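Below is one structure, written out as structure tokens; comments come after it.
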Amino acid sequence: MFPVDEASLTAFILVLARMSGLALAVPFLGHRSIPVMIRAAVVMVLALALSPLVGVPAEARALDLAFALRVIFEALVGLFLGYLFLAVFMAVTMAGQFIDFELGFGLAQVFDPSFGANSTILSRFYYLLAMVVFLTCKGHHLMVLALAGSYRVFPAGSLSFPSMVSPAALRALSDVFLLALKVGAPVMGALLVADVVFGIVARAVPQMNVFVIGFPLKILLGLAAVAITLPFTVAFMRDLVTGLETLLARAF
């Protein structure tokens, strides 16, 4: 039932604001391919389900200017939660960009309207693969649990940012580049060996046009390396989701 009294209404608005911020940042809800009506329906249903479980202090129930600031703060908290999920997808997307650069696919960037930015071939592939792994590992369930658990650290209607959350956020931010290197390292290592071999061949046989022959061979080797390492990449992505669950359990 839709909240009618003041306490229930304020709780619903605050939960709705936090859920809206989360939905904007989390990949599978914030993606532009998801219709707006579906996203709005998911946010409304989750807000209605969680708002009866959330307690709002009496001083936060007045619908005044301070309440507007509380709503904005709730949306920022939701964005913070969504970023923790987005960091996993940022890492694998960056790994795809590294590999595309080594393969020469960096010049094949096209505008992706679903992202609103340019994207390369393998970065898009790794993003979709991470999406499948995330959903099969019940990452969407983890999102709801993280939203519910966040009220132990960020009480509804509060305007304080706990200092203990900052190290977790900074660690997630600093690990994105490292995780991207771990995902793309096997393929990038194989391509580095190929470059060394082509360099030796170019020195040994100057008459051979290594650039013409080596470029398609390097693409073939890179795609073969991507295919061979795909099971290990999927396992690593699954570990990332598991690690995210551990991080959220430690933070909230």
Under the Karplus curve 6.51 cos²θ - 1.76 cosθ + 1.60, θ = phi - 60°, whole-Hz ³J(HN,Hα) for the range 226-241, x wherever Gly or Pro sits: 4, 5, 5, 8, 4, x, 5, 5, 5, 4, 5, 5, 5, 5, 5, 5
3J(HN,Hα) from dihedral phi, the range 19-29, Karplus parametrisation 6.51/-1.76/1.60, rounded to Hz, x for glycine, proline: 5, 5, x, 5, 5, 6, 9, 5, x, 6, 9
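What order do you get for 96-102, 16-22 when each peptide is scored by the mean count of other beta carbon atoms within 10 Å, highest first? Intermediate values should be presented prior to the final figure.
Working: 96-102: 22.6, 16-22: 24.1.
Highest mean packing first, the order is 16-22, 96-102.
Throughout, read-outs are computed from the coordinates displayed, never taken from laboratory work. Since the structure is predicted, the reported quantities are computational estimates derived from the model, not experimental observations. We place every Cβ from the backbone using ideal geometry, glycine too, and count neighbours over all the protein chains shown.
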